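*Asks:* Can you read through this structure? Questions will come right after.
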2 protein chains.
Amino acid sequence: MSPMTATQTPPAATQRPLSMTEAIESRRSIRQFVQEPLNQDDLREILRLASLAPSAWNAQTWRFAVVQTPELKEQLREAAYGQPQVTSAPAVIVIYSDMEDTLQTAEDTAHPGLGDAGRTQQRATFDGAFGAQDTAQRGQWGLTQANIAFGFLMLAARGLGYDTVPMLGFDQGKVRQILDLPEHVQFAGILPLGKRAEEGYPHHRHSVERVAKFY
Amino acid sequence: MSPMTATQTPPAATQRPLSMTEAIESRRSIRQFVQEPLNQDDLREILRLASLAPSAWNAQTWRFAVVQTPELKEQLREAAYGQPQVTSAPAVIVIYSDMEDTLQTAEDTAHPGLGDAGRTQQRATFDGAFGAQDTAQRGQWGLTQANIAFGFLMLAARGLGYDTVPMLGFDQGKVRQILDLPEHVQFAGILPLGKRAEEGYPHHRHSVERVAKFY
């Protein structure tokens, strides 16, 4: 698909929030973005909506590194083997999980309605489930939760008229270094974010019958 | 939160598809469902929308086992340590990844616009990336992709007025046996699905500033 010309109206320029169905259907991987800074209120709203994803025991293992400076975007692009969508996007969100931070602050994830007993129980639950595991093992669990939020993040963005392209191909060690993140964090992906300046490819998916069994 | 009485209008009984923002905000874990069979067209539409999730190389590693018979729901409930939401829901979707099936049929995931060359390239990409890995190793990769679709599935359901509760606590071996699934599949979770008959708990989440760093 060729980039749209200046005379076309970008599909992202909607004046109302998209319905869930519209958002899912119109989400495509977009690699060429409109060259303008991101509305910072929209950005925070997208992150807030992503963080409403569910997680077991409300662990909220996901973390977001939001990169908007040209210098760091350029470094991320190098770490992503030169893929140009990283610098085309006004913002790049690195989605990762941090299970060690999650464990250290487990009490804060207890529902306030449960009071002090809830906080104590939450600590016991996390220590019991993960205390005997090594960092890599529990990190893997944290990553599965972060991937659910990764899905929410892409849809929250589309719902507000933004576009993304999920990327898994990058040098994790370099990204860790660029963002000054601890060794134990595990990456879900990198997500360039902005408004589409190309149409992207239409979906090609297995049929429902191919991926679902009915019992 | 107590179940709603018969005089209250269930929040799920909306007449229009929810916006993305409404769907994300109104999604809560629901464990008591209205006792009526699921509309089968809605069910297929929810699965179709979930399968529009993105995946690296369009691998589509996710698979859905949809259980609606009382006998099998009862068996799943036992495998989930007796948790009652499994039999309260009219349908229970088991989300898992099947990387071996994914690898065997890699060609079918190549975009038709790329023709035979695309199919050949897709085969080479998958063989190169996963051919030398063992089943568990590549299964783990498949699972990360399936978790993204898991997030899409919950939001697709909510967007059409349905409710869910993601469950990770179950005996995987028993579920594998009940559904007659191969040893190598990896489970993302179990998702009871229906219309809410209780309010559920309001969200309790870290602030955006707590989970996001801005660069």
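The values are calculated or read from the model by the stated rules, or taken from the named source; none is laboratory data. Here the structure is a predicted model, which is why all the values come from computation and not from measurement. Note that we place each Cβ from the backbone using ideal geometry, even for glycine, and neighbour counts take in every protein chain shown.
*Asks:* Sort out which residues of the stretch A:146-176 are within 18 Å of residue A:101 (Cα to Cα) and polar (S, T, N, Q), and write them in order of number.
*Replies:* Within the stretch A:146-176, just A:147 meets the criteria.
*Asks:* Here is a further query. Could you grab me the full set of residues in the stretch A:87-102 that are assigned to a helix (DSSP H, G or I) and within 11 Å of chain B (Cβ to nearest Cβ)?
*Replies:* A:101, A:102
*Asks:* Please determine, by comparing only the residues of the stretch A:153-192 that are small (Gly, Ala, Ser) and in contact with a strand residue (DSSP E or B) (Cβ under 7 Å, 6 or more places away or on another chain), which one is farthest from residue A:60 (Cα to Cα).
*Replies:* Step by step, filter the stretch A:153-192, then rank; the result is A:159.
*Asks:* Related question: So which residues in the stretch B:152-179 are in a loop (DSSP other than H, G, I, E, B), within 22 Å of residue A:141 (Cα to Cα) and either among the aromatic types (Phe, Trp, Tyr) or at the interface with chain A (Cβ under 9 Å from one of its Cβ atoms) (or both), if there are any at all?
*Replies:* Residues satisfying the conditions are B:165, B:166, B:168, B:169, B:170.
*Asks:* If you take the residues in the stretch A:180-215 that are modelled with pLDDT under 95 and more than 9 Å from chain B (Cβ to nearest Cβ), which one is farthest from the chain's Cα centre (by Cα)?
*Replies:* Per the criteria, the residue is A:199.
*Asks:* When you scan the stretch A:155-184, how many residues do you find that are crowded, with 24+ Cβ neighbours inside 10 Å and under 20 Å from residue A:144 (Cα atoms)?
*Replies:* Of the residues in that region, 3 qualify.
*Asks:* Would you mind finding the one in A:25, A:45 that is within 14 Å of the chain's Cα centre (by Cα), surrounded by fewer than 18 Cβ atoms within 10 Å (Cβ to Cβ) and farther than 24 Å from residue A:170 by Cα?
*Replies:* Within the list A:25, A:45, the selection yields A:45.
*Asks:* Answer yes if at least one residue in the stretch B:107-128 is under 21 Å from residue A:140 (Cβ atoms) and among the aliphatic types (A, V, I, L, M), and no otherwise. Spell out how you get there, then give the answer.
*Replies:* Here is the first cut: in the stretch B:107-128, the ones under 21 Å from residue A:140 (Cβ atoms) are none.
Within the stretch B:107-128 (the criterion being under 21 Å from residue A:140 (Cβ atoms) and among the aliphatic types (A, V, I, L, M)), the answer is no, since none of the residues qualifies.
*Asks:* State yes or no: is residue B:179 without any contact (Cβ under 8 Å) to a residue 24 or more places away in the chain and either within 16 Å of residue B:89 (Cβ to Cβ) or hydrophobic (A, V, I, L, M, F, W, C) (or both)?
*Replies:* No, not satisfied.
*Asks:* Right, next: Out of (1) within 21 Å of the chain's Cα centre (by Cα); (2) over 30 Å from residue B:194 (Cα atoms), what's the single condition that is false for residue B:125?
*Replies:* For residue B:125, the exception is condition (1).
*Asks:* Determine whether residue B:53 is assigned to a loop (DSSP other than H, G, I, E, B), modelled with pLDDT of 95 or more and under 16 Å from the mean Cα position of the chain (by Cα).
*Replies:* yes
*Asks:* Do we find that residue A:28 is modelled with pLDDT of 95 or more and closer than 22 Å to residue A:148 by Cβ in this structure?
*Replies:* Criteria met by residue A:28.
*Asks:* Here's something else I'd like to know. If I filter the stretch A:59-69 for residues that are farther than 23 Å from residue B:204 by Cβ, more than 9 Å from every other protein chain (Cβ to nearest Cβ) and outside any helix (DSSP H, G or I), do I get at least one hit?
*Replies:* For the stretch A:59-69, residues farther than 23 Å from residue B:204 by Cβ, more than 9 Å from every other protein chain (Cβ to nearest Cβ) and outside any helix (DSSP H, G or I): absent.
*Asks:* Tell me, yes or no, whether the stretch B:14-31 has at least one residue that is on the phi > 0 side of the Ramachandran plot, at the interface with chain A (Cβ under 8 Å from one of its Cβ atoms) and among the polar types (S, T, N, Q).
*Replies:* Among the residues of the stretch B:14-31, not one is on the phi > 0 side of the Ramachandran plot, at the interface with chain A (Cβ under 8 Å from one of its Cβ atoms) and among the polar types (S, T, N, Q), which makes the answer no.
*Asks:* Can you tell me which residues in the stretch B:103-124 are within 13 Å of chain A (Cβ to nearest Cβ), of a type in the set (S, T, N, Q) and free of Cβ contacts under 8 Å to residues at least 24 places away in the same chain?
*Replies:* Within the stretch B:103-124, B:104, B:105 meet the criteria.
*Asks:* Among the residues of the stretch A:181-215, count how many are part of a loop (DSSP other than H, G, I, E, B) and not small (Gly, Ala, Ser). Can you show your working first?
*Replies:* Restricting attention to the stretch A:181-215, the residues satisfying the condition of being part of a loop (DSSP other than H, G, I, E, B) are A:181-185, A:195, A:197, A:199-207, A:215.
Filter again for not small (Gly, Ala, Ser), leaving A:181-185, A:195, A:199, A:201-206, A:215.
Qualifying residue count, the stretch A:181-215: 14.
*Asks:* Out of all the residues in the stretch A:202-209, is one or more in contact (Cβ under 8 Å) with a residue 60 or more places away in the chain and either among the small types (Gly, Ala, Ser) or at negative phi (or both)?
*Replies:* Yes, the conditions are met somewhere in the stretch A:202-209.
*Asks:* So which of A:85, A:68, A:35, A:40 ends up being out of contact with any Phe, Trp or Tyr (no Cβ under 6 Å at 6 or more places or on another chain) and over 30 Å from residue B:23 (Cβ atoms)?
*Replies:* Answer to the check: A:35.
*Asks:* Scan the stretch A:128-150 residue by residue and report those that are part of a helix (DSSP H, G or I), more than 11 Å from chain B (Cβ to nearest Cβ) and more than 18 Å from the chain's Cα centre (by Cα).
*Replies:* Those that are part of a helix (DSSP H, G or I), more than 11 Å from chain B (Cβ to nearest Cβ) and more than 18 Å from the chain's Cα centre (by Cα): A:128, A:130, A:135, A:136, A:137, A:138.
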